[in-house]
1. Within segment 39-52, count every residue that is under 22 Å from Ile109 (Cβ atoms), in a loop (DSSP other than H, G, I, E, B) and of a type in the set (A, V, I, L, M).
2. From His6, His60, which residue is buried (at least 18 other Cβ atoms within 10 Å of the Cβ) and in contact with a strand residue (DSSP E or B) (Cβ under 6 Å, 6 or more places away or on another chain)?
3. So if I check each of Ser35, Ser69, which one is in contact with a helix residue (DSSP H, G or I) (Cβ under 8 Å, 6 or more places away or on another chain), in a helix (DSSP H, G or I) and surrounded by fewer than 18 Cβ atoms within 10 Å (Cβ to Cβ)?
4. Condition check: small (Gly, Ala, Ser), touching a helix residue (DSSP H, G or I) at 6+ places or on another chain (Cβ under 7 Å), within 21 Å of Glu4 (Cα to Cα) and at pLDDT 85 or above. Does Gly101 satisfy that?
5. Hey, could you check segment 140-177 for residues that are among the polar types (S, T, N, Q) and in a loop (DSSP other than H, G, I, E, B) and say which is modelled with the highest pLDDT?
6. Mind checking which residues of segment 89-105 are farther than 14 Å from Leu32 by Cα and in contact (Cβ under 8 Å) with a residue 60 or more places away in the chain?
7. Output the residues belonging to segment 165-181 that are exposed (fewer than 13 other Cβ atoms within 10 Å of the Cβ) and either in contact with a helix residue (DSSP H, G or I) (Cβ under 8 Å, 6 or more places away or on another chain) or touching a residue at least 12 places away in the same chain (Cβ under 8 Å) (or both).
8. Could you say which residue among Asp118, Asp47 is out of contact with any Ser or Thr (no Cβ under 7 Å at 6 or more places or on another chain) and modelled with pLDDT under 95?
Amino acid sequence: MLREGHIGLTLTIIAPAAAIMGSILPLYTIVLLISGALTGSNLPDLDATSKLVKHRGFTHTVWFAMITSVIGAAALFVIIQYIPIESVIEFNQADRILAAGIFGVSIGIGVLTHLLGDMITPRGIKPFHPLTPRNVGNIKISEKKYVWDVRNASDPLLNKGFSVMGVISVSLSTYIANTQLL
């Protein structure tokens, strides 16, 4: 899937959470949620320009999603310690922790939606690489390649379709949150 398709898929998946969070929490949480998810949505493809790791290798795993979540949350927490946000909105230490957590988790969600988008292409991914096959409780984890061959990654219908769906979904979720419909 191309960049616009990954962005659209991420926005489509994150939109319901944005509507719910924006109705319950302050509206800035929608910005954190969507910006974090968009940041994560194309992080795995950094390997396409790198000679250190192969494409659809480590950056296309659940481990990478977890690592980027923690790094994103920590980075935002450190950054917002030095921004005088209190002059604009009421923002205490608990709000900073909540904001960093939302941002970090949404980066991970963005990475996971990227993986989902790559699973529907013929090349697929190995989301648990480099684990050797084993059972963890009732769950079987393996290096199995996950492929749900729906469309080619460069298919314009797939990419533009997800892109349009994402914009509509986020627009609706923002409207719902702003009007407090939930």
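The values are calculated or read from the model by the stated rules, or taken from the named source; none is laboratory data. These figures come from a predicted structure and were not determined experimentally. We place every Cβ from the backbone using ideal geometry, glycine too, and count neighbours over all the protein chains shown.
1. Step one: filter segment 39-52 for residues under 22 Å from Ile109 (Cβ atoms), giving 39-48.
If we keep only those that are in a loop (DSSP other than H, G, I, E, B) too, we end up with 42.
From what's left, of a type in the set (A, V, I, L, M): none.
The number of residues fulfilling the criteria is 0.
2. Details: His6 fails: in contact with a strand residue (DSSP E or B) (Cβ under 6 Å, 6 or more places away or on another chain).
The conditions single out His60.
3. Values: Ser69 fails: surrounded by fewer than 18 Cβ atoms within 10 Å (Cβ to Cβ).
The unique qualifying residue is Ser35.
4. Numbers: small (Gly, Ala, Ser): yes; touching a helix residue (DSSP H, G or I) at 6+ places or on another chain (Cβ under 7 Å): yes; within 21 Å of Glu4 (Cα to Cα): no; at pLDDT 85 or above: yes.
Against the criterion (small (Gly, Ala, Ser), touching a helix residue (DSSP H, G or I) at 6+ places or on another chain (Cβ under 7 Å), within 21 Å of Glu4 (Cα to Cα) and at pLDDT 85 or above), Gly101 does not qualify.
5. So in segment 140-177, the residues among the polar types (S, T, N, Q) come out as 142, 152, 154, 159, 163, 169, 171, 173-174.
Then drop every residue that is not in a loop (DSSP other than H, G, I, E, B), which leaves 142, 152, 154.
Working: Ser142: 60, Asn152: 84, Ser154: 87.
The extreme case among them is Ser154.
6. If the condition is that a residue be farther than 14 Å from Leu32 by Cα and in contact (Cβ under 8 Å) with a residue 60 or more places away in the chain, then Ile89 is the only one that fits.
7. Initially, segment 165-181 is screened for residues exposed (fewer than 13 other Cβ atoms within 10 Å of the Cβ), giving 171, 175, 179-181.
Of everything in segment 165-181, those that are exposed (fewer than 13 other Cβ atoms within 10 Å of the Cβ) and either in contact with a helix residue (DSSP H, G or I) (Cβ under 8 Å, 6 or more places away or on another chain) or touching a residue at least 12 places away in the same chain (Cβ under 8 Å) (or both) turn out to be Gln180, Leu181.
8. Residue meeting the stated conditions: Asp118.
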